[in-house]
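Quick notes on the structure that follows.
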Amino acid sequence: MVSRKQVVVSILVLACLVELGIVMRSRLNAAQDLSAVCHCPKCDPTIVTPPTTPTTSTPSTTPSQNPSLEKPSAPAQDVVMGLAKGIQFPFLQRFLQSIRRFAPLAKIVIWIDKESYTREISDLVALTKTEAILMDPSDLPTPWATMHPSSYRYLLYQQYFNKSSPSNNHPQRVLLLDARDCVFQMNPFEYLNEDAFYAFLERRGRSISQCGWNRGWVADCFGNSVANSIGDKTICCSGTSGGSWEAVKRYVDLQVGELLSRQSCERNGVDQGVHNVLVHTNKITPLRIIANEDGPIAQMQEIHEVKLDLYGRLVNGQGKPYAIIHQYDRFPKLVKILDGMYPVLEEAQRDAGNK
């Protein structure tokens, strides 16, 4: 006969076995749940390692797999134009990659002299889906071949406009920019929402008559009377302008006409003298003149103090990030920030090391 003590012991043993079974089942379920979310072949032997043989698909590291670098299937609504003669790679890289980052669907057209078109620049052009037009200044017609690049760029722009204008597929908004020292922080085309020419001023309080260079360009080409008549106007920068396709085309035609008719005073910077006369004598219509302090483009030449936001972006007087910074290389701190955003690594720096 089984004693009461043996019965109690049997019951306790059975209870322990049941509890152990519940624990083991719980741990097994947990292990199964863990393997379901594990994507590492080492911790889940059922994961299939991707094949090492090449496939027909393009690797994800190539530009064509990055949506921000894709050319739009439809005609571009916006275009950035600039001359990059003699440009150094880091400046062009910041310019092109920042455009692609903040205006991914815009068309980019740059003119590059053949001597500057290195293998690195060729790769950068391909990476950023840029239309690069190789040119030799000596091939330009007389008298443009002997003019300064800041002047003959308008002939190149005019040729592009004339070639594209007969088509209804040309872009609707245009920016003419200095390629060497402009960088995007936001999409500037969002501000060009009128059928007009947009002119962007330099620092408020810095007038044409207060700057020997700017007054000289106007006086030498248009005479002292014109220089005096607009002398109290704020300097307007010719390195950043834009607007609708038709408005910018009219402006380019005016620049070309004035530069051709005033060859005796032609030199580096004269296009800005022409620009200020056209803007401040209302030769361009319709016209929008935008202040430097609260507009979308920062002209840094005459700025002595800058303010950055949490993300290292230059902000205007309203605390809003500028869409474009022009002449950023005047501030070493800005260059350092941009170097972090758009690094150029020497060969020795390209080894990322081991994990």
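Per-structure values
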| read-out | value |
| --- | --- |
| Enumeration of residues in segment 289-313 that are of a type in the set (Val, Ile, Thr), farther than 13 Å from Arg204 by Cβ and at pLDDT 95 or above | Ile297 |
| Enumeration of residues in segment 285-322 that are open to solvent by less than 10 Å² (accessible area, probe 1.4 Å) and not in a strand (DSSP E or B) | Asn292, Gly295, Met300 |
| Segment 184-206 residues that are more than 16 Å from His275 (Cα to Cα), paired with ones that are hydroxyl-bearing (Ser, Thr, Tyr) and part of a loop (DSSP other than H, G, I, E, B) (beta carbon under 6 Å, 6 or more apart) | Gln185/Tyr322 |
| Scan of segment 97-117 for residues that are in a strand (DSSP E or B) and farther than 19 Å from Gly242 by Cα, ordered by number | Ile112, Asp113 |
| Members of segment 271-307 found to be free of Cβ contacts under 8 Å to residues at least 24 places away in the same chain and over 23 Å from Trp245 (Cα atoms), listed by number | His304, Glu305, Lys307 |
| Complete set of residues in segment 136-151 that are without any contact (Cβ under 8 Å) to a residue 60 or more places away in the chain and touching a strand residue (DSSP E or B) at 6+ places or on another chain (Cβ under 8 Å) | Asp136, Pro137 |
| Residue within segment 118-135 that is open to solvent by 50 Å² or more (accessible area, probe 1.4 Å), in contact (Cβ under 8 Å) with a residue 60 or more places away in the chain and either assigned to a helix (DSSP H, G or I) or closer than 19 Å to Asp253 by Cβ (or both) present | yes |
| Check on Arg267, under 30 Å from Ile121 (Cα atoms), more than 20 Å from the chain's Cα centre (by Cα) and surrounded by fewer than 17 Cβ atoms within 10 Å (Cβ to Cβ) | yes |
| Looking only at segment 184-224, and only at residues there that are among the small types (Gly, Ala, Ser) and modelled with pLDDT of 95 or more, the one that is nearest to the chain's Cα centre (by Cα) | Ala199 |
| Residue, surrounded by the most Cβ atoms within 10 Å (Cβ to Cβ), within segment 138-154, restricted to residues that are over 24 Å from Lys107 (Cβ atoms) and touching a Pro at 6+ places or on another chain (Cβ under 9 Å) | Met147 |
| All positions within segment 323-355 that are surrounded by fewer than 10 Cβ atoms within 10 Å (Cβ to Cβ), assigned to a loop (DSSP other than H, G, I, E, B) and within 20 Å of the chain's Cα centre (by Cα) | Leu345 |
| All positions within segment 226-244 that are surrounded by fewer than 19 Cβ atoms within 10 Å (Cβ to Cβ) and under 24 Å from Tyr152 (Cβ atoms) | Val226 |
| Filter result for Ser165 (in contact with a Lys or Arg (Cβ under 8 Å, 6 or more places away or on another chain) and closer than 19 Å to Lys249 by Cα) | yes |
| Matching residues in segment 108-117 - criterion: being surrounded by fewer than 15 Cβ atoms within 10 Å (Cβ to Cβ) and in contact with a Leu (Cβ under 8 Å, 6 or more places away or on another chain) | Lys114 |
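Conditions tested, residue by residue: (1) more than 30 Å from Arg262 (Cβ to Cβ); (2) at pLDDT below 95; (3) touching a strand residue (DSSP E or B) at 6+ places or on another chain (Cβ under 7 Å).
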{"position": "Asp78", "(1), (2), (3)": "yes, no, yes"}
{"position": "Met81", "(1), (2), (3)": "no, no, yes"}
{"position": "Ala106", "(1), (2), (3)": "yes, no, yes"}
{"position": "Ile112", "(1), (2), (3)": "no, no, yes"}
{"position": "Lys129", "(1), (2), (3)": "yes, no, no"}
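The values are calculated or read from the model by the stated rules, or taken from the named source; none is laboratory data. Just so you know, these numbers come straight off a predicted model, no measurement behind them. Positions of Cβ are backbone-derived with ideal geometry, glycine not excepted, and every protein chain shown enters the neighbour counts. These area figures cover heavy atoms from the full protein model, side chains too; ligands, DNA and RNA do not enter into them. Shrake-Rupley method; radii C 1.70, N 1.55, O 1.52, S 1.80 Å.
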